[in-house]
Each structure stands twice: as structure tokens, then as C-alpha cells.
1. Just to confirm the number: angle between the C-alpha axis of helix B:131-144 and the first principal axis of chain B, 0 to 90 degrees, nearest 10?
2. I'd like the orientation of helix A:27-37 relative to chain A: the angle between its Cα long axis and the longest Cα principal axis, in ° from 0 to 90, rounded to 10.
3. Order the peptides A:1-14, B:173-186, B:336-349 from the highest to the lowest mean number of other Cβ atoms within 10 Å of their residues.
4. Rounded, prolate or oblate: which one fits segment A:2-70, using the alpha carbon gyration tensor with axes a ≥ b ≥ c (rounded when a/c is under 1.5, else prolate when a/b beats b/c, else oblate)?
5. If the cut-off is a Cα-Cα distance under 16 Å, which aspartates and glutamates reach residue B:251, setting aside same-chain residues fewer than 8 apart in sequence?
6. Within segment B:134-167, which residues have the backbone N less than 20 Å from the label spot 7 Å out from residue A:40 along Cα→beta-carbon, could you tell me?
7. Partner chain Cβ atoms within 10 Å, averaged over the residues of A:39-51 - can you pull that number for me?
8. If you place +1 on the Cβ of every Lys and Arg and -1 on the Cβ of every Asp and Glu, how big does the dipole about the Cα centre of segment B:271-368 come out, in debye to the nearest 20?
Amino acid sequence: MQITIITFGQIAELSSDKIILENVHDTDTLQQRLVEEYPALLNIKYAVAVDKKVISGNTAIGETSAIALLPPFSGG
Amino acid sequence: MQLNSDDKERYSRQIILKQFSEAAQQKLLQSKVLVVGAGGLGCPVLQYLAAAGVGNIGIVDDDKVSLSNLHRQVLYTTNSVGLSKAVMAVDALLALNPTITVKAFPVRIDKSNALELIKEYDIIIDGTDNFATRYLINDACVLLQKPLIYGSIYQFEGQVAVFNVKNDNGVASANYRDLFPHQPEPDEVPNCSEAGVLGVLPGIIGAMMANECIKWITGIGSLLVNKLFIYNTLSNQTYEMEVVAKEETNKLIPANEEEFKATQYSFSCEVEHTFEDVGIKDFLSLMQEEDTVVIDVREIGEKPIVTSFEHINIPMSVLKNQEQCISQKNILVFCHAGIRSVDAAKYLSNSKNKVYNLKGGIIRYNID
């Protein structure tokens, strides 16, 4: 299973390519794997959306799930 | 309130819309909107609300116009440089529409004046440029049960949402803290002056905010309630995500005006909530207290596995997105050597809990 992650704001700047992870079945694992690959994420607060719904707590990721990582923006 | 002949002519192009009509125009003319921040987002918001005939507009901004504002803050001219944004915006709006009331509040919104300012208006628009003020406005709106139109930008991306709108049963929709529970640290996210912005972006996002505001006032269309809309000007891609109102969010928001005024929003005078370092004896005895949780912040798979006391495992790498699940009054944290747990303890400390850190970690006491 391979999932592609849509990123926004400064998280999109962490990788010039799309972030693709294999064998990730829940959001806790997702976040651990992301931190291993992008340690800068440890210092950024962001919302995680699974299938376009912002999650709280560990959430299952299905084979066709769409994952998005969204940091807050402050600009006005 | 009857529309006079000038009103009928001024607003004719929107009144002839079947969904809009004179009734909607009357609602606009009777409405009171507070716009906080008269910058990149605030300018288009103000311009469109004044043009559409929002009868009473308040503008809060303590800043002065600078030359580098002019590429996006389109209410101002080169002659405005050095002058108050709130005052210059009032002049520009009254030149556009002298039939409405526009009031300048050339002050910085803070916890001492926010509630009084917000109380006077039906709906609030957040066009500010820093997190401290965004969280302050969100919390004040939740406390005073006022709807909040939110917009923010970063380089080529913008976010729009409508927060804290009551449904037919009187239940409030999601607010900013349902999306981002905690304020980012200073310097965690660059603002426009650091990250840069193309002037058109706040124009687009600000116009969307004005659109949501007009829809809320007049009751037409559907709002970005329990939703966050994201737009990228480079790719023209849009993304919408659902945001759900969560019960645990309420714990993060001051429960009354006194608590609100005691909350620290600004970083510059932030009072750090403290935690306490304890040895194993105190750690074990604190565990027995009511409403207590013990958290191992080591990553999954780290050894030794602790079996000598009950605890939960929330690795440091995910703690920052899970802290809303921790509602206990007493929080005990530990890790291998007591370094990561210090960060966890600092992070989890707030005005409503007491956090204890096992000094030196489990390695010091040969715990397993």
C-alpha cells in the first residue's frame, strides 16, 4: 500500500517532490514516519486530514485514503 | 427600514438578484461588522462590505501605512504613508459610500479591550497577521457567541473559514481551535513580512471573506461552516476539508470574561507555565492521586518496556497533535533519560493542570 500526501504552506517546502509513504495504516504511524524522514516536522504544529476530514487522535488510513498536512498560516 | 431611492439605485445590481432582493439589502444596512486588521485581507474585506452597504463597520488597527504595504493594501495611497490605517480606511470607505457608518479604532486589540469591542458587533472578521491576535479573537468570539470569518495567507496559499456559527439548534460550529488547538511558537511560522506575498492573494482571500460575511448577514447560499477552504494561486488548485467541533476544544478556551482576561496570548509577555521535576518516590505517590495520567513519551519500541506501573504511551513525535486528548488535572511524564520528558512537560503545562517530570528518566532508577 502506497499513500501520497498533499502538503500545504511551509510543509510543502520540506520536499520538492510529492511525499509518498508505503505501508502506513494509521495516522500515528504516519506522523512517526514523517518525523523520521522530515525531522523539522517535530517543531511545526499542523492539522492532519484523512479523506478531507481533519482528524483528532489516531485514525485509520485506508488504501485509497487522501492524506493532507496543513500548517496554520498567520499572514494577513 | 425602507430603502430610499438613492439606496435603491446604489445597490440596484445586487437587489435585482432573485436570491438577494430588497430584504437582503435591508439586512445588510442594519448589520454591524467589526473588521480586525486593515491590512492585506482587511482592505478588500472593507472595500466590498462598504460598497455592498453594510450599515455599520468598525475597523481595529493600530498600525500605520508603510510604503511596502501599498502593493496589497489597496485602500491606501502613497499619500497615506505614515498615517493611521484605521483612520485612512474610514476616509476611503466614506468616500466610496457616505451613507454608511464607519468607525476607526486605531488601537491594538488585546485582552483588555477585545470583549468590549466585539460585543458591539454582530459578526467579526479576522484579517490580522499574527497568531497571538488570531487566538485571542477566536476565544473572544467563542466566549461572546459571535460568528467569526477567518482568512489567512502564506506566500501563494490562502485559507478561509467561517467559525462559531450556531445551527438551528443553537449548537456552535467548529472554531479555530478545532483546527489548530494551540498557538504555534514564535518564529514557527513566518508571516508576510518574512515570507513574502503577492498582492493579489489577500485580494482573492479577502473578497471571499467579504462574500461569506454578506452571505451570513443575508442568509443566502451556504457558508464555509465546519469547513476550511484552501486556495493556491500558483496552481489554481483548491482544497476543502471538514473541521468538526470537538468537546475537548472547550477546555482550551477561557470559560468566562475573567479567565479570558487572565489568559496570556502575546508571546512578548508570555508567562511560562511551569512543571515540577520529581524523583521516583514522589512520582510513584503522585500516581495515586485522582484524575492523573502517566505518560511515557518514548517512541514505540524503545526498551525497557515499563511494566511496574500503569501508564500510556504517547511518543514525543506525535504528542503535539494529541495533547487535546489529555484532559487530566495531574500529568506525569517520563522518558528514558528525562530529557525529552522535559520538553513534553513544558509543552503540556497550562493554567488548568499540574505537570510532573520524572527527573533523570527511568534509567536513573532502574525501572522496568
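1. Result, in degrees: 80.
2. Roughly 60 degrees, rounded to the nearest 10.
3. The packing order, highest mean first, is B:173-186, B:336-349, A:1-14.
4. rounded
5. B:139, B:178, B:259, B:291, B:323
6. Counting backbone N atoms under 20 Å from the label point, the list is B:153-158.
7. The shielding value for this peptide is 4.
8. Computed charge dipole of segment B:271-368: roughly 180 debye.
Taken together, the values in this text are just the output of simple stated rules run on the coordinates, not laboratory data. The structure presented is a predicted model; accordingly, all values stated were derived computationally and were not measured. No Cβ is skipped: glycine too gets one built from the backbone with ideal geometry, and neighbour counts run over all protein chains shown.
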